[in-house]
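Down below is the structure, laid out as structure tokens.
The values are calculated or read from the model by the stated rules, or taken from the named source; none is laboratory data. Every value quoted in this text rests on a predicted model; they were computed, and no experiment measured them. Here the Cβ is made from the backbone with ideal geometry for all residues, glycine too, and neighbour counts use every protein chain on show.
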Amino acid sequence: MTPIFEFLLVFSAIGCGWLLGRYASGGLPFSEGHAQAYRQYYSGLNFLLNDKPDEAIDAFTRSLPVTPETFETHLALGNMLRTKGAVEQAIHIHQNLLARPDLPPARLQQAHLELARDFIRAGLYDRAESLLLELVQQSEELRPVCLRHLVEIYQAEREWGKAIEAGSKLLPRRNIFLSAPYPDPTLEQALAHYHCELAQTAAERGEFDEARREVKNALRRDKNSVRASLLQGEIEYRAGNYQRAIDALMRVREQQPAMVPELLPLLRDCFDATGKRPKLRQLLEECLEQAPASRLVVAIAEEITLQESSEAALEFLTAQVRLRPTLRSLLAATRCYRETRADVPAGPVAVLQTALEKLVASKATYRCTSCGFSGRQLHWLCPRCKSWNTVQPILGVEGD
Ligand SMILES: [Zn+2]
């Protein structure tokens, strides 16, 4: 539907609203006042047809006074304008509604909510926040939706403590000893990430006890939080508790096996620090069996090279490429082949390696399952659709 057609539809609705408003007021339909309003309505239509939406909106709102009967029409116009990105005009329409204090309180509250949404859309978070905080106090009915918008604002402003406070009010208290179902898993997951943000900040300041508390809170909100396990691993590693770090990281195997490759650098450091590096290979092999991934194949090949030889690693890689061909495994196999055959002229294998390197470097490694956003970096919050936990490693020939 073209924007002009949508505008026409809404203004037709305004025309209907205008007639309703006029007849409901009990006056004669064609008095001098009505004739003037008619003129304003048609001049608005003229502005619209001449592609002047600002003037059109002005003329239409002047032709249709705000009354309980026309309230919904004004509200719909404002909302449509916001959806189309005309936020300034939407604010104008909604503020115009609030200039009528004789409207019923429920209607005024609805207009307040829409104005707060306009402010959010315009990035005027402070103004939206104060409107929403008032509404939370005033309207039991609008309280949940206002709290959700407050969570949205605090998340955008990275005010994690406030986001947790507002979000918690939307969730009933759960007895952690009973395995009651999560009433709103998406919100619980978001709250878990807010706790992770706090844990990360505390860990960066070296406040490990505070960081541990926040990780625990995150896991209480979402027991499958991979980010919380990874953070706990980092905190314990930095605190010198290497085995505890490994235990925390290994929780990811149960939480989300496809995310195990994310642990690889820290796992290597932990196994090196405990002097148990030879045991890493077996662990990775178990993980590979549980959830195949190219990064695990490459990591195991590195361990084989360290413990045995490049020849043995090449044998492993060749078998893996046959079993589950992926660009990354093939590249690792090609590199390994050249290392083990240093005496043989590189020739076509070198060309193949260069081509594979370019191919692998050009492929995205993560994709959002919600909006399709893709890139080469793991985001806990999708930068495009702002969903938590939806960016996942890409699997298959071109991926992991
Ligand atoms: Zn997304």
* To do: Scan the stretch 279-298 and give yes if some residue there is farther than 26 Å from Q392 by Cβ and among the aliphatic types (A, V, I, L, M), otherwise no.
  => no
* Can you tell which of L327, L267, L314, L323 is touching a Cys at 6+ places or on another chain (Cβ under 8 Å) and not basic (K, R)? -> L314
* Output the qualifying pairs, or none if there are none: Cβ atoms under 8 angstrom, residues six or more apart or on different chains, first residue in the stretch 187-207 and in the same structural domain as H149 (by TED's automatic domain parsing), second residue surrounded by fewer than 18 Cβ atoms within 10 Å (Cβ to Cβ) and polar (S, T, N, Q). => none
* Quick one: S362 ticks every box in (1) over 30 Å from E308 (Cβ atoms); (2) surrounded by 15 or more Cβ atoms within 10 Å (Cβ to Cβ); (3) more than 16 Å from the ligand (Cβ to nearest atom); (4) not basic (K, R) except a single one, so which number is it? => (2)
* Pick out the one residue from D54, D118 that is surrounded by fewer than 17 Cβ atoms within 10 Å (Cβ to Cβ) and without any contact (Cβ under 8 Å) to a residue 60 or more places away in the chain. => D54
* Structure fact -> Only unsatisfied item for L395, checking (1) touching a residue at least 40 places away in the same chain (Cβ under 8 Å); (2) of a type in the set (A, V, I, L, M); (3) within 16 Å of the ligand (Cβ to nearest atom), is (3)
* Could you list all residues from the stretch 365-392 that are more than 9 Å from the ligand (Cβ to nearest atom) and assigned to a loop (DSSP other than H, G, I, E, B)? => T365, R376, Q377, L378, W380, N389
* Of all residues in the stretch 323-346 being basic (K, R) and assigned to a loop (DSSP other than H, G, I, E, B), the one that is nearest to the chain's Cα centre (by Cα) -> R324
* Here is a list of conditions, (1) surrounded by fewer than 20 Cβ atoms within 10 Å (Cβ to Cβ); (2) at positive phi, and Q307 meets all of them except one; can you say which number that is? -> (2)
* **Test: residue in the stretch 347-357 that is of a type in the set (S, T, N, Q), outside any helix (DSSP H, G or I) and away from the ligand (no atom under 16 Å from the Cβ)** => no
* Could you give me the residue pairs with C-beta distances under 8 Å whose first residue belongs to the stretch 353-376 and is under 14 Å from L330 (Cβ atoms), whose second residue is within 15 Å of the ligand (Cβ to nearest atom) wherever it lies, and which are 6+ apart or on separate chains? => K363/I394
